[in-house]
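Reviewing the structure listed below.
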């Protein structure tokens, strides 16, 4: 069962992942197959576990101000800044559509 | 022409009133130098982890209880992924699968035909309340084609209140949100000031013919006040009806309300269906809440949230307060609505009643007509009133004791409004407004007037 080009394109747009070549796509397919083995177990009536932390206690913090005030440090990593603001492009720049970008998927 | 049934569902984001953020210890404050209230976690620097703020959980439980919800003793956190410059992590931590509260209801009142005297109570079902992070703020600089990002708001705790689509028009939406706002302010779980972004409302609107399936819905955002909420919803309902009657179709899109033009327009950045790729938040175990029965014996009580303890300490909700005002003071239900609708007015009224001889049923007229209209004319809040409760109480006592007439009382009030420190009694004496009851004195004055007439 192969992952369709539509799904791969969709993933590239959503997650900005670049599957790069046939090997990359194959790796994804193998990962899906690996996870699909879970279907072989009968889990009727069993609550799904979605975290190994499920029996841990969720620590609750007191509502005190203990952090912040480190503008200078945070902005050190910024490529561009304007008066203590981070600078970003005017909006999301969408990944060009399948036919218009350089991607391995085009040929598939 | 077949009738149209509008369907309106609201998603409301209320900023939690807390000192620090939902998952970090940086401060929550409205106006501050950009990026000064930001911790390493808020900026999504690698190696940082979320730590849940107890106060935020309590706020959500209080709100859930006040809205008649079932509180989930076990709720989960998830990641909702999307890219935007003001969301540094590339995902928002929210509660999509199992939120903290579900299946509640909100009762609100509407005036029939704009007459205050006929009020009807309606209910809107609450689907769920979830805890989630707020994003930072983007300032769009179109001239330089860039966006400036301030992360001060990133990570602030939000309660998202999701309502079922039980509303049918702008008026209902406005009334429901107003009541929710009052409840949140009474609880203190959110200050819910829309102008400061503490309460944000998105409206989902669709129309259909009775008996047919629901129509395609649009989402309307960028609504900045309760008044605009009513306008935006009504405009969108009309727009959809006209579009469909002209043979067009409704796109499942996100639209922004333009308050200047009074219409909704498609939003640029939200084209295409979003796929949020929800996944469990791997860094947070389930949130477990307790009640009196399930309270664990040996746990550190700072780590335990007891739903029953919170329930016992809930303040009187607005609906209860209104009932008490009506019962205690004999005022009309619509009066109680107006009293609670203005911040501080109910307290002002009760303070006056305490300090005056005039009966509450008469005092209410002076509060709702004279005082309130003065405040509105001068755009003042009750707190800013130059006339204090004690001054008004003194004035009304003079009137009640028949020392002045009702006309004179209005005159004195006008003088009191100047706020120069004179008391009602001083003004009455100064302007000779006392009612005279002494027979001889009255005869002398009348005689003097008659004499003057004869001399002219």
Task: Folded to 0 to 90 degrees: helix B:170-187 orientation relative to chain B principal axis, Cα - done: 90 degrees
- [ ] Neighbouring Cβ atoms within 10 Å as the yardstick, rank B:42, B:308, B:234, A:55 fewest first.
- [x] A:55, B:308, B:234, B:42
Task: Sorted by Cβ neighbour density within 10 Å, fewest at the top, the residues A:43, B:264 - done: A:43, B:264
TODO: Using a Förster distance of 51 angstrom, determine the FRET efficiency expected from the C-beta separation of residue B:436 and residue B:309, and round it to 0.05.
DONE: 0.20
Open item on the list: Taking 8 Å as the Cα distance limit and 6 or more residues as the minimum spacing, I'd like the relative contact order of the range B:343-429 as a percentage.
Closed with: 31 percent
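Per residue, how big is the convex hull around the C-alpha atoms of chain A? Give it to me in cubic angstrom, could you? Intermediate results must be reported in sequence, preceding the final value.
Working: hull volume 24.9 nm³, N = 108.
Here the figure is 231 Å³ per residue.
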Open item on the list: Between helix B:345-355 and chain B, what is the angle of the helix's C-alpha long axis to the longest principal axis, kept within 0 to 90° and rounded to the nearest 10?
Closed with: 40 degrees
Open item on the list: Given all pairs of different Cα atoms, what value in angstroms does the Kirkwood hydrodynamic radius of the range B:5-288 take?
Closed with: 19.9 Å
- [ ] Return one quarter of the surface area of the convex hull spanned by the alpha-carbon atoms of the range B:318-439, equal to its mean projected area, in nm².
- [x] 7.6 nm²
TODO: Report, in degrees rounded to the nearest 10, the 0 to 90 angle that the Cα long axis of helix B:406-416 makes with the longest principal axis of chain B.
DONE: 60 degrees
TODO: Quickly work out the residue B:354-to-residue B:107 label distance, labels modelled 7 Å from Cα along the C-beta direction, and quote it in nm with one decimal.
DONE: 2.8 nm
TODO: Starting from the Cα coordinates of the range B:210-257, work out the convex hull volume and express it per residue in Å³.
DONE: 80 Å³
TODO: For chain B, calculate the relative contact order in percent as a whole number, restricting contacts to Cα pairs under 8 Å that are 6 or more residues apart.
DONE: 15 percent
Task: Mean projected area (nm²) of the alpha-carbon convex hull when the range B:289-332 is viewed from all directions - done: 4.3 nm²
TODO: Identify the residues of the range B:134-175 with backbone N under 19 Å of a label point that sits 7 angstrom from the Cα of residue A:78 along the Cα-to-Cβ direction, or state none.
DONE: B:135-156
- [ ] Rounded to whole Å and sorted largest first, list the principal axis extents of the Cα atoms in the range B:261-389.
- [x] 63, 55, 26
TODO: Evaluate the distance, in nm, between pseudo-label points positioned 7 Å from the Cα of residue B:320 and of residue B:384 along their respective Cα→Cβ axes.
DONE: 3.3 nm
- [ ] Would you mind pulling out the separation of the Cα centroids of the range B:431-456 and the range B:127-175, in Å?
- [x] 69 Å
Open item on the list: Using only the alpha-carbon atoms of the protein assembly as shown as identical scatterers, what base-10 log of I(q)/I(0) does the Debye formula give at q = 0.07, 0.09 Å⁻¹?
Closed with: -0.57, -0.87
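How high is the relative contact order of chain A, in percent, with contacts defined as C-alpha pairs under 8 Å that are six or more residues apart?
Computed over chain A, the figure is 41 percent.
Averaged over B:29-36, how many beta carbons belonging to a partner chain fall within 10 Å of each residue's beta carbon?
Per-residue shielding by partner chains comes out at 4.
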- [ ] Grab the alpha carbons of the range B:50-140, take their convex hull, and tell me the volume per residue in Å³.
- [x] 165 Å³
Open item on the list: Need one number: % antiparallel among DSSP beta bridges in chain B, to the nearest 5.
Closed with: 95 percent
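Each reported figure results from applying straightforward, stated rules to the coordinates on display, with no laboratory input. Predicted model, so just to flag it, every value in this text is computed and none were measured. With ideal geometry, Cβ positions are generated from the backbone for all residues, glycine too; neighbour counts draw on all protein chains shown.
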